Amino acid sequence: MSRAQNRAVVLCLVMNLVDGFDLLVTSFVGPTITKEWGLQATLVGVLLSSGLAGMAFGALFLAPLADRVGRRKLVLGGLVLASLGMLAASFSQNFGQLVATRVVTGIAVGLMAACLPVLASEYSNHRRRGLSVALITCGYGLGAIIAGIAASLLIGPFGWRSVFVLGCVVTAILFVVGLRLLPESMDYLIAARPRDGLARLNQILRSIGQTPIDELPTRSVPSRKVALESLFRGRNAMRTILVWIAFTAAQTIFYFASSWTPTLLLQAGLSAQQGISGGVLFSIGGVLGAALLGVLATRIDPRKLTATYFALGALALVLYSVSLGTLATALVVGVLVGLLLNGTVSGINVIVPIIYPAESRATALGIAVAVSRLGAVFSPLLAGFLLQAGWTPASMFLIFAIPALVGAVATFGLLWTARAHPSFPQAPTALVPEGSASQA
């Protein structure tokens, strides 16, 4: 891969990192806000779910526009919106205002969540595509780690609002960087054929060491209806449903654990600082899990690999439920839980760009993300109601092992459909020959 390709992938990773910070920061400042405002567990669940609800809205209704207006524009717009949402959160004076600002930030993250993996996949060659997409998923974990560290350092001397201010400033800086360095999608330039599309495409081709072309290849942008219909045409219907089930299961267990781990560890008898440390260690495990999956995906079918992550994740949640009584054991097992649960999310992100054609890839991923966010939104709410009803932290980790088993079955089903029907769609159309420096 050329320097320009690597730069594009790294920039997508950093943007996903900031997304992770902006989206998951509430998990770490939540206990402090709960104490200051006297929130009940059910309201904490609403607060933790508000950003995820916004993310679902952004992914479902706005992210598909990327196939028509360009992924670069949507990503940059998302950065602006996220920065404003974080700034507004720092000025919120009550629960309702804070929830509203979290919804706005979630919408921005939803825009980028559907675009960044596609861009990273497009600017990677065939050999590194799975690794690149998996590394993008690491960004959420890295962002959560930084959010936890920032919360532990800033809340004491400056209060919880300072953590949101930090997120606002960093997101705004990244917008300026992206405005200069983030490339447009080559598939978009070919499919949408904007007025300066040929010049922009040739500029990108030269930057990655490829020969410019004389005219844009013929390809039309399918209508929204056509893109949607392609997801349910023939045997693709079963594959799409299985993707939705697996993705929903992955988001359900991941966002339950990432949102509630600091609070549940506090409920289990640990100190507030130990709860934050547990959340940070969970996120560290998530980064390791996504990176490991990316490396293994270059050698193992990502469907088989992701199904294995799901099954082991269910076992790890059971182990976590019986280890909360011992601090050292709980923290160590928390790393394993984070490794496996974030690995399932990373695995689905690797699978989706492979099985859909370029012209509907952003639509497919955006809708899959939106559908899966139902689980992401529901799980923190459910956890709040269970905690309010008197469930113990151990029993809550145990019950969420069930969606992990469902995800394992659905992902194995994707593997079965590929074997049963060899016509399974494959990787994106290449602008250059397989094995060369760049493959779109």
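The values are calculated or read from the model by the stated rules, or taken from the named source; none is laboratory data. Since this is a predicted model, take the numbers as computed values, not measurements. Methodologically, a virtual Cβ is constructed for each residue, glycine included, from the backbone with ideal geometry; neighbour enumeration extends over all protein chains shown.
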Handout entry: Every residue from the stretch 313-359 that is aliphatic (A, V, I, L, M), over 30 Å from Arg233 (Cβ atoms) and modelled with pLDDT under 85
Key = Leu324, Leu327, Ala328
Handout entry: One residue from Phe254, Phe310 being more than 24 Å from Ile33 (Cα to Cα), of a type in the set (Phe, Trp, Tyr), modelled with pLDDT of 85 or more and crowded, with 23+ Cβ neighbours inside 10 Å
Key = Phe310
Fill in the blank from the handout: Restricting the stretch 83-125 to residues that are among the β-branched types (Val, Ile, Thr) and out of contact with any Ser or Thr (no Cβ under 8 Å at 6 or more places or on another chain), the one nearest to Ala297 (Cα to Cα) turns out to be Val109
Problem - Breaking point among (1) hydrophobic (A, V, I, L, M, F, W, C); (2) modelled with pLDDT of 85 or more; (3) within 23 Å of Ala370 (Cα to Cα), for Ala290 - result: (2)
Problem - Tabulated pairs, the stretch 230-246, first among the basic types (Lys, Arg) and assigned to a loop (DSSP other than H, G, I, E, B), second modelled with pLDDT under 85 and surrounded by fewer than 15 Cβ atoms within 10 Å (Cβ to Cβ), C-beta under 6 angstrom, 6+ apart or interchain - result: Arg235/His421
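Only helices (runs of 4 or more DSSP H) wholly contained in the stretch 146-221 count here; list those with 3 or more residues that are touching a residue at least 40 places away in the same chain (Cβ under 8 Å) and in contact with a helix residue (DSSP H, G or I) (Cβ under 7 Å, 6 or more places away or on another chain).
Numbers: elements: 161-181, 186-192, 197-207.
Correct list: 161-181, 186-192.
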Handout entry: Residue list for the stretch 301-351, restricted to those being outside any helix (DSSP H, G or I) and out of contact with any helix residue (DSSP H, G or I) (no Cβ under 9 Å at 6 or more places or on another chain)
Key = Thr326
Practice task
Working carefully through the options Asn94, Asn6, Asn16, find the one that is surrounded by fewer than 20 Cβ atoms within 10 Å (Cβ to Cβ) and either under 20 Å from Ser132 (Cβ atoms) or aliphatic (A, V, I, L, M) (or both).
Solution key: Asn6
Practice task
Kindly check whether there is at least one residue in the stretch 156-173 that is touching a Pro at 6+ places or on another chain (Cβ under 6 Å), under 27 Å from Leu365 (Cα atoms) and surrounded by fewer than 24 Cβ atoms within 10 Å (Cβ to Cβ).
Solution key: no
Problem - The listed residue being among the β-branched types (Val, Ile, Thr), closer than 15 Å to Val18 by Cβ and either free of Cβ contacts under 8 Å to residues at least 60 places away in the same chain or crowded, with 20+ Cβ neighbours inside 10 Å (or both), out of Val103, Val109, Val118, Val99 - result: Val109
